[in-house]
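Engineer: Below: one structure in structure tokens.
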Amino acid sequence: MTVLYEPWPVTAAELAALLGQAGHAVRTAADPVGLAAILAENPGEPLVVFGPGAAPAEAAAFAAEQRLRGPATGVVLLRADAGADLLREALRAGIREVADPHDPVAVLEACGRSLELSQRLAYGGAPPDLSPGPYGGREAPGGQPGRIVTVLATKGGCGKTTVATNLAVALAAGGRHRVLLVDLDVEFGDVAIALQLTPERGLADAVAMADRLDETGLRSLLTPYRPGLDTLLAPVRPTDGEQVGGPLVGEVLRLARDMFDYVVVDTPPHFSDPALAALDVTDHFLVLAAPDVLTLKNTRIALETLELLGHPAERRIVTLNRSGSPVGLTPQDVERVLRVPPHAHIPSSADVPLSLNRGVPLTADDPAHPVSRAISEIASRYLHAVPAERSRRERGRRGLLRRVRG
Ligand SMILES: Nc1ncnc2c1ncn2[C@@H]1O[C@H](COP(=O)(O)OP(=O)(O)OP(=O)(O)O)[C@@H](O)[C@H]1O
Ligand SMILES: [Mg+2]
């Protein structure tokens, strides 16, 4: 069933007839009370369409709330005059699609795409299909390089390792993509523990191959985890990590992106040399925040640092982990401190530490879990169909960053 929210009766009837063509029953609400009543009767509805008579702010508020309550419910907004600002706000709020109500094909296609995504998010075991994006499919020889996604936070314990491991599983999509998860926390890396892996070799062994690392050499350092997902693990002894410098990390990651569709990088909670080298070659910065004022303030500093380094804002995925924790901060408080609304929210759940202790990421164990869905949605929404412009790196701006961090 599709739920249509449209205050104007004539427009509502026309749109209901159009949406009905897609083979779905349509229920129409004329005001927020009616909408709430329909959804209370039918929790988990996959598609809510806000017609042109609804205020975009209403749609945004609904989508932002829904993202926490039931991320599988897609919100589509119909607006004839959607400018860049509205589109940006809509995307940030979690509205999946904005379509022109006068263009029936665009409306039906937008609803179709949203329903497809909902189906994937609500899947009972089938992994999300990330294949047809510009970088999504397997590489043809000589094709586009893979994309490097770096998970970072300027405060410890924000959930970097949790998010990196779960995101890597989601991106691998049961073997449909080749993903490498790299643990750059060379002193206290815990990807191996989080996945219950015992590394025979890892990043520290790349030191001996510096400047002449090739595909065979890099493959010899990997520890396979599950179909489509390999790991490059941190040294077991913290002192071995001292040998791993920025240039080597750059060499490893540049080679890895030619061998994998996605390279997911877990980082330490500070701008170490290896982490800085990773930032230079990163395509997507997944910046983690947690709902406490000190962490949020640190996150804002991290965002400002990325700005100073010239990494474009559209490459950042600001993610609030443990969203919804009862800590007295409203979404408005979060946005005020961060100065941007988060793109994604990952709920807080006691199942996360349990899964870490078990050594199996939730996305592998329970793909329908709200935490798994939130992380899969980051993959689908931000890493699947983002345009291909490769960010500029090796800019020699690290001196600037060193000054920034004092
Ligand atoms: N969404 C969540 N809900 C509940 N607990 C969480 C969530 N995300 C992370 N945690 C818990 O927070 C703790 C820290 O998580 P994690 O190790 O992933 O953080 P980190 O940023 O990698 O830490 P470090 O800076 O030490 O590397 C873990 O016990 C984990 O289980
Ligand atoms: Mg960690």
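The values are calculated or read from the model by the stated rules, or taken from the named source; none is laboratory data. All values derive from a computational prediction rather than experimental measurement. Heads up, the Cβs are rebuilt from the backbone with ideal geometry, glycines too, and the neighbour counts pull from every protein chain shown. All accessible areas refer to the heavy atoms of the entire protein, side chains included, with ligands and DNA or RNA removed. Shrake-Rupley method; radii C 1.70, N 1.55, O 1.52, S 1.80 Å.
Engineer: Please list log₁₀ I(q)/I(0) at q = 0.28, 0.31 Å⁻¹ for segment 1-58, using the Debye equation with identical point scatterers on the alpha-carbon positions.
Structural biologist: Here log10 of I(q) over I(0) equals -1.23, -1.37.
Engineer: Moving on. Label segment 156-283 by shape, choosing from rounded, prolate and oblate, from the square roots a ≥ b ≥ c of the eigenvalues of the Cα gyration tensor; if a/c is under 1.5 it is rounded, and otherwise prolate applies when a/b is larger than b/c, oblate when it is not. The partial results should precede the final answer.
Structural biologist: Values: a/c = 1.34, a/b = 1.12, b/c = 1.20.
The shape class here is rounded.
Engineer: Which peptide among 220-229, 82-91 comes first, and what is the full order, when sorted by highest mean count of other Cβ atoms within 10 Å?
Structural biologist: By packing density, highest mean first, the sequence is 220-229, 82-91.
Engineer: What is the ratio of the Cα radius of gyration of segment 2-121 to 2.2 N^0.38 Å, where N is its residue count, to two decimals?
Structural biologist: This ratio for segment 2-121 stands at 0.93.
Engineer: Moving on. Using the heavy atoms of the protein chains and a 1.4 angstrom probe, tell me the accessible area per residue for the chain in square angstrom.
Structural biologist: Accessible area per residue, the chain: 42 Å².
Engineer: Which order do the peptides 252-258, 302-308 take when ranked by the mean count of other beta-carbon atoms within 10 Å per residue, highest first?
Structural biologist: 252-258, 302-308
Engineer: Accessible area, 1.4 Å probe, largest first: how do Val191, Val10, Val207 sort?
Structural biologist: Val10, Val207, Val191
Engineer: If you don't mind, there's one more thing I want to ask. Round to a whole number: what % of the accessible area of the chain belongs to carbon and sulfur, probe 1.4 Å?
Structural biologist: 55
Engineer: Now a separate question. Quick one: pull the percentage of alpha-carbon pairs in segment 209-352 with a separation above 24 Å.
Structural biologist: Details: 4484 of 10296 pairs.
Tail fraction, whole percent: 44.
Engineer: Under a Cβ-only charge scheme (Lys and Arg +1, Asp and Glu -1), can you give me the dipole magnitude of segment 147-405 about the Cα centre, in debye to the nearest 20?
Structural biologist: With Lys and Arg at +1 and Asp and Glu at -1, about 720 debye.
Engineer: I'd like the accessible area for His102, computed on protein heavy atoms only with a 1.4 Å probe and all protein chains in place. Round to 10 Å², please.
Structural biologist: 150
Engineer: Rounded to the nearest angstrom and ordered from largest down, what semi-axes does the equivalent ellipsoid of the chain get from its C-alpha gyration tensor (root of 5λ)?
Structural biologist: Equivalent-ellipsoid dimensions as semi-axes: 39, 22, 20 Å.
Engineer: If you take every DSSP beta bridge fully contained in the chain, what fraction is antiparallel? Give it as a percent rounded to 5.
Structural biologist: The antiparallel proportion sits near 5 percent.
Engineer: A further question on this structure: Provide the packing ranking of 281-292, 362-373, i.e. peptides ordered by the mean count of other C-beta atoms within 10 Å per residue, highest first. Kindly include the intermediate steps, with their values, before the conclusion.
Structural biologist: Numbers: 281-292: 23.9, 362-373: 21.2.
Output ranking for 281-292, 362-373: 281-292, 362-373.
Engineer: Could I ask something else about it? Given the DSSP H assignment, sum -39500 (n - 2.57) over each helix run of at least 4 residues in the chain and divide by its residue total; what's the result at 222 nm in deg cm²/dmol, nearest 500? Walk me through the numbers on the way to the answer.
Structural biologist: Details: 16 runs with 162 residues, N = 406.
Taken over the chain, the calculation gives -12000 deg cm²/dmol.
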